[in-house]
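Contents: one structure, followed by commentary.
The values are calculated or read from the model by the stated rules, or taken from the named source; none is laboratory data. Note that the structure is a prediction, hence the values are computed from the model and not measured. FYI the Cβ positions are ideal-geometry reconstructions off the backbone, even for glycines, and counts take in every protein chain you see.
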Amino acid sequence: MSSQTYSLDVGPTSPLNDREYVGLRELSGPILAVEGIHDVGYNELVEVTDGQGRVRLGMTLEVSRGAAVVQVFEGTAGLRLSDTRVRFRGEPLSVTTSLEILGRVFDGLGRPIDGGPEPVGEQRDVNGLPVNPTARDFPRKFIQTGISAIDGMNTLVRGQKLPIFSGSGLPHRLLVSQITRQAKIVGEDAPFAVVFAGMGIKHDEAMFYLRTFEESGAMQRVAAFLSLADAPSVERLITPRAALTVAEYLAFDAGMHVLVLLTDMTNYCEAVREISTQRQGIPSRKGYPGYLYSDLASIYERAGMLTGRPGSITQVPVVTMPNDDISHPVPDLSGYITEGQIVLERDLHQRGVYPPIAGLPSLSRLMKDGIGEGMTRADHAHLASQLFAGYAKVKEIRALASVIGEEELTPLDNRYLQFGEAFEREFLSQRIDEDRTIEQTLALGWKALSVLPREELHRITEEEYRTYHEQGA
Amino acid sequence: MRDRLIGHVRRVVGPVVEMDGVADAQMLELVYVGADRLVGEVVRLYGEEATIQVYEDTTGLRPGAAVYGSGEPLSVELGPGLVGGIYDGVQRPLDELRRLTGDFVTKGVDAPALDREKRWTFRPSLTAPCDVRGGAVLGVVQETAFLEHRILAPPGVSGRVTEIRPEGEYTVDDVVATVETASGRQEIRLHQKWPVRQGRPYAERLPQTMPLITGQRVLDTLFPVARGGAVVVPGGFGTGKTMVQQALAKWCDADIVVYIGCGERGNEMTGVLTDFPKLVDPRTGRSLMERTILIANTSNMPVAAREASIYTGITIAEYFRDMGYDVAVMADSTSRWAEALRELSGRMEEMPAEEGFPAYLATRLAEFYERAGMVRTLSGQEASITTIGAVSPPGGDFSEPVTQHTKRFIRTFWALDRQLANARHYPAVSWMESYSEYVDDVAGWWGEKTNGEWRELRTGIMSVMQREARLEQVVKLVGADVLPDSQRLVLEAAELFKNAFLQQNAYDAIDAYCGVEKQYLMLKIIVTYYTRGGEAIRRGATLASLRKMKVMRDVMQMKFECGNEDVARLESILTRLEKSIDELANVFARRRSDVTA
Ligand SMILES: Nc1ncnc2c1ncn2[C@@H]1O[C@H](COP(=O)(O)OP(=O)(O)O)[C@@H](O)[C@H]1O
Ligand SMILES: [Mg+2]
């Protein structure tokens, strides 16, 4: 490189050796700027050492002739302009990938925090690479979670990204742990693993998840990456990426079926907003940067399957909706990228329904490919569609009843209200340790429908009605 | 290599790269950046500095790196081999990239869009010497069993054909004709290039009088689009934008479909790639892939290439239009394109207008939608591009800039409604909010297919739906029970129309596509139920008795049970319906006269 052509700005930074400098030009929030440097690349890993010799990691956000802007994942508290040393590593941030990472707990940047040794394995760039769309294998294998609202109405398939949209105080933790304990492919015994990324969650919440894994005897198959609430928030930008890099190794190199739990994506997005605001980026909605969609996509799109490779990555991210508002940018942009959403509803929760999975706004976009004859059962699609239609009607009638009073409803309307009750109490509700087979789920669906007269069941065929109605009634 | 050094990298901010020491770069020139030769485009020149938007990941790119100019604007390759292909936003062939670098897209790889080895049979259509003008057909290549790929004199190339090669096998690089033009000799190969940001010329614009048939009842019957028209499909997440776009890609009666997956899911493109080859085009009996070209720049692929993807797509569409074909372009989603524009603009530190979008958003949208149209091509044929753009408004709120600006440049608005989608009423096209300004343009065509009845039937059902909306206000307050049967019939007919007609299951083998004749008869059956039923009620029949008529089961199920060819069956449902209602009316009328007697 013709470095003699550079016009080196003379800043407060002075070189220590080829890649290392001392002295900063500026510190602002989690961001620092250095001058008088050269040959530094965009998105490059940076080691920042303070006066006491403590090392923090960072990444270049912007590079120009003689200067770089660096975001410091572990925060800039305690750094001084004069004696901070900055070393450019000439490579992007990477994480160790090998089978050794299973059963281990790491910090948000992928360093062990469980007292165990540094794992040995190939280092891989945490940013990963986009999958070539021609290399993807379309997900269509039914995962039985044992939860009727999911299996029956919003079926999860292997390789899908299906988030849980929750609200503060709603039981998404219980639901995630139930899914983790119960999820299986019926009649298959393939190697599986769980990769957990905790972002901005509290210590006890992290402990809750780890305990869940331990109790289900699966801890040796779990790799956990924790960037807890008290860790510097920018660290969270790396956590899901480190977790997914490991997941990609486990899935596409080691052939495992990997369930990736990402919680909580709303905390992650706040870190994105923080960096963007620091850099005076132009905000789009609620102060989040315009590139939040692409940023989220670079995480969610790392779910899937590849043709000719045995493994898969299924993502179940948790997104809490601030103020239960589904149109808030984080759930909104997530919903535009993920393949459906499981929405938790406060009203159901308050009425004691667990899991409080909202009937109408929940959706699994990949459901139709994973259900039906040979996968679940031939009547599944029509049954689910009828349950949706019936429940939509229940919602309408409840709204009407609240205006005109229940006494004024027609007999048919009342039948619908009964159906709504049966659906919520018997189909939706279940114990947190209740693992239903798909047959049980479908039978409960038919049972709920049996409250309604045949003429109302437009979406059910004669044959289905004859075969299954008896069973339900 | 024609590349020349044009400057050095000065600053890197994501996909935006500034360069200095610039001597002779051109605006919109295609450039290669750094040792990895990342592909980019010059988007701003000022003094000795320039800004480049880079179509690949810039991780590791360092100031000081050399930038090479190609001397050409960002262009696409046009020639045999496009059909059935899948390309990224700057027309790199994704299957070829996969062969070169494996399952993940790495940076710095390049492959020509068109296969250089493959030989095509070229048949000349002219004999030399003769005179041609730009756009003239020089010869043809049978690209697929049904697609004749016409090799055109590039626009602007006019003169005397001094030589044309005989029928034989040629690669896309081979010269097939030589033209003496005023400015010298031009060799014409089996492929040509065209800059993506510049529309290809045509002779004149023509009026739009023919509908593009989509096989989707709510669209064709209520909110038709004319061939050469422009449509927007806005909707919140999960309301069915992609399903509508894919249904059109599958079933619309265009000759060529260009499907642009712009910043959306990878699996959706995989879905098209797995489904389409297995689906049969009802008109040709061949695989749907044989008329489809895919541009896939998914949400996790570089954002600058996403910005380019819609231009790449529409330029390919224009090329096929110039051969005389009717082309349909789907862009899913133009919001992601607009966001790419916003991101690039932000990184270039331009002044933002509404919601951070650059002030030129509306101009760019207009330019894109204006490339749709029904035209007379340079060679005198009638051909069209119909553009259907999806919009993903934040929070599903249509008042945002992309929806609002787009509305100014389109004439059909298919509004997707969250409530309908939640109730699993698909396609969730709102009949209250949607509109089509092409209704008058295509009424003549529809009239011919429907004994002149189309317009009246359509107006009839629209007024039922409007009356229903008003009545619903009342029902919400007092319940339906208090309404007289004549008004409850409105609710009943509207409900029937929604269930038996508007809802259309994209996953049902029969219902997925509904032909013109079937749509007409289904509509007529439902309008008959309403009008004759209304008469019967006036003559004393009750709504309950109408509802209980045996034929109603068949009416409810006709969309699933009657194939597109089953005209006789639909006609028999109509006759039975008319008879049943008349009988009912007579029975009640007799009872009434008995009572009064
Ligand atoms: N015409 C239809 N028939 C059946 N299901 C549909 C139809 N339209 C939409 N859906 C359902 O809605 C889901 C979301 O549709 P999609 O087009 O992906 O939404 P969007 O692109 O607006 O986010 C689909 O996965 C499918 O389950
Ligand atoms: Mg979509």
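Can you spot a residue in segment B:224-245 that is farther than 20 Å from B:GLN519 by Cβ and more than 15 Å from ligand 1 (Cβ to nearest atom)?
Checking segment B:224-245: at least one residue is farther than 20 Å from B:GLN519 by Cβ and more than 15 Å from ligand 1 (Cβ to nearest atom).
Please count how many residues of segment A:323-378 are among the basic types (Lys, Arg), within 16 Å of ligand 2 (Cβ to nearest atom) and in a loop (DSSP other than H, G, I, E, B). I'd like the intermediate steps shown before the answer.
Filtering segment A:323-378 for residues among the basic types (Lys, Arg) gives A:346, A:351, A:365, A:368, A:377.
From what's left, within 16 Å of ligand 2 (Cβ to nearest atom): A:365, A:368.
Checking the rest, the ones that are also in a loop (DSSP other than H, G, I, E, B) come to A:365.
Number of matching residues: 1.
Would you point out which residue out of A:LEU412, A:LEU444 is within 14 Å of another protein chain (Cβ to nearest Cβ) and either surrounded by 20 or more Cβ atoms within 10 Å (Cβ to Cβ) or assigned to a helix (DSSP H, G or I) (or both)?
On the way: A:LEU444 fails: within 14 Å of another protein chain (Cβ to nearest Cβ).
From the options A:LEU412, A:LEU444, the qualifying one is A:LEU412.
Can you tell me which of B:ALA372, B:ALA331 is in contact (Cβ under 8 Å) with a residue 60 or more places away in the chain, more than 16 Å from ligand 1 (Cβ to nearest atom), more than 14 Å from chain A (Cβ to nearest Cβ) and touching a strand residue (DSSP E or B) at 6+ places or on another chain (Cβ under 8 Å)?
B:ALA372
Considering each residue of segment B:113-131, count those that are within 30 Å of the chain's Cα centre (by Cα) and either surrounded by 14 or more Cβ atoms within 10 Å (Cβ to Cβ) or in contact (Cβ under 8 Å) with a residue 60 or more places away in the chain (or both), and give that number. Before you say what the answer is, go through the steps one by one.
Applying the first criterion (within 30 Å of the chain's Cα centre (by Cα)) to segment B:113-131 yields B:113-116, B:118, B:120.
Checking the rest, the ones that are also either surrounded by 14 or more Cβ atoms within 10 Å (Cβ to Cβ) or in contact (Cβ under 8 Å) with a residue 60 or more places away in the chain (or both) come to B:113-115, B:120.
The number of residues fulfilling the criteria is 4.
Results for (1) touching a Phe, Trp or Tyr at 6+ places or on another chain (Cβ under 9 Å); (2) away from ligand 2 (no atom under 16 Å from the Cβ); (3) among the acidic types (Asp, Glu), shown as yes or no for each residue.
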site	(1), (2), (3)
B:ARG227	no, yes, no
B:GLY240	yes, no, no
B:TRP251	yes, yes, no
B:ASP255	yes, yes, yes
B:THR274	yes, yes, no
B:LYS278	no, yes, no
B:ASP281	yes, yes, yes
B:ARG291	yes, yes, no
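For B:MET269, state whether it is within 14 Å of chain A (Cβ to nearest Cβ) and away from ligand 1 (no atom under 16 Å from the Cβ). It would help to see each step written out before you state the result.
Working: within 14 Å of chain A (Cβ to nearest Cβ): yes; away from ligand 1 (no atom under 16 Å from the Cβ): no.
Against the criterion (within 14 Å of chain A (Cβ to nearest Cβ) and away from ligand 1 (no atom under 16 Å from the Cβ)), B:MET269 does not qualify.
Condition (residue is small (Gly, Ala, Ser), in contact with a helix residue (DSSP H, G or I) (Cβ under 6 Å, 6 or more places away or on another chain) and outside the structural domain of A:ASP230 (by TED's automatic domain parsing)) applied to segment A:59-74: is it met by at least one residue?
At the first step, the residues of segment A:59-74 found to be small (Gly, Ala, Ser) are A:64, A:66-68.
Applying the additional criterion that residues be in contact with a helix residue (DSSP H, G or I) (Cβ under 6 Å, 6 or more places away or on another chain) yields none.
Within segment A:59-74, none of the residues are small (Gly, Ala, Ser), in contact with a helix residue (DSSP H, G or I) (Cβ under 6 Å, 6 or more places away or on another chain) and outside the structural domain of A:ASP230 (by TED's automatic domain parsing).
Regarding segment B:195-208, can at least one residue be identified that is on the phi > 0 side of the Ramachandran plot and either buried (at least 18 other Cβ atoms within 10 Å of the Cβ) or part of a strand (DSSP E or B) (or both)? Before you say what the answer is, go through the steps one by one.
Kept after step one, since they are on the phi > 0 side of the Ramachandran plot, are these residues of segment B:195-208: none.
No, segment B:195-208 has no match at all.
Does B:VAL76 fit the bill of being hydrophobic (A, V, I, L, M, F, W, C) and out of contact with any Leu (no Cβ under 6 Å at 6 or more places or on another chain)? Talk me through it step by step, then tell me what you get.
Working: hydrophobic (A, V, I, L, M, F, W, C): yes; out of contact with any Leu (no Cβ under 6 Å at 6 or more places or on another chain): yes.
Yes: the conditions hold for B:VAL76.
Quick check: anything in segment B:300-316 in contact with an Asp or Glu (Cβ under 9 Å, 6 or more places away or on another chain), within 16 Å of ligand 1 (Cβ to nearest atom) and in contact (Cβ under 8 Å) with a residue 24 or more places away in the chain?
So far as segment B:300-316 goes, no, none of its residues is in contact with an Asp or Glu (Cβ under 9 Å, 6 or more places away or on another chain), within 16 Å of ligand 1 (Cβ to nearest atom) and in contact (Cβ under 8 Å) with a residue 24 or more places away in the chain.
Could you say which residue among B:GLY69, B:GLY84, B:GLY60 is part of a strand (DSSP E or B) and either more than 9 Å from every other protein chain (Cβ to nearest Cβ) or modelled with pLDDT under 95 (or both)? Explain how you work it out, then say what you get.
Details: B:GLY84 fails: part of a strand (DSSP E or B); B:GLY60 fails: part of a strand (DSSP E or B).
Exactly one of B:GLY69, B:GLY84, B:GLY60 is part of a strand (DSSP E or B) and either more than 9 Å from every other protein chain (Cβ to nearest Cβ) or modelled with pLDDT under 95 (or both), namely B:GLY69.
Would you be able to tell me the number of residues in segment B:272-311 that are out of contact with any strand residue (DSSP E or B) (no Cβ under 7 Å at 6 or more places or on another chain), of a type in the set (S, T, N, Q) and more than 9 Å from every other protein chain (Cβ to nearest Cβ)?
1
Is it the case that some residue within segment B:475-485 is at positive phi and modelled with pLDDT under 95?
Taking segment B:475-485 first, the residues at positive phi are B:479.
Among the residues that remain, those that are also modelled with pLDDT under 95 are: B:479.
Yes, segment B:475-485 contains a residue that is at positive phi and modelled with pLDDT under 95.
Counting residues that are away from chain A (no Cβ under 11 Å), which helices (runs of 4 or more DSSP H) fully inside segment B:414-507 reach at least 2?
Details: elements: B:418-422, B:439-449, B:454-478, B:485-496.
Ranges flagged: B:439-449, B:454-478, B:485-496.
Restricted to segment B:378-413, and to residues that are within 14 Å of another protein chain (Cβ to nearest Cβ) and assigned to a loop (DSSP other than H, G, I, E, B), which residue is nearest to ligand 1 (Cβ to nearest atom)? Walk me through how you get there before you give the answer.
Residues of segment B:378-413 that are within 14 Å of another protein chain (Cβ to nearest Cβ), as a first pass: B:390-402.
Within this subset, residues satisfying the condition of being assigned to a loop (DSSP other than H, G, I, E, B) are B:392-393, B:397-400.
Details: B:SER392: 7, B:PRO393: 11, B:ASP397: 14, B:PHE398: 14, B:SER399: 18, B:GLU400: 15 Å.
If we take residues in segment B:378-413 being within 14 Å of another protein chain (Cβ to nearest Cβ) and assigned to a loop (DSSP other than H, G, I, E, B), then B:SER392 is nearest to ligand 1 (Cβ to nearest atom).
Which pairs have Cβ atoms under 6 Å, sit 6 or more apart or on different chains, and link a residue in segment B:555-567 that is closer than 22 Å to B:TYR530 by Cβ to one that is of a type in the set (A, V, I, L, M) and at pLDDT below 90?
none
Could you count how many residues in segment B:36-50 are in contact with a strand residue (DSSP E or B) (Cβ under 8 Å, 6 or more places away or on another chain), within 14 Å of another protein chain (Cβ to nearest Cβ) and either part of a loop (DSSP other than H, G, I, E, B) or hydroxyl-bearing (Ser, Thr, Tyr) (or both)?
The total comes to 1.
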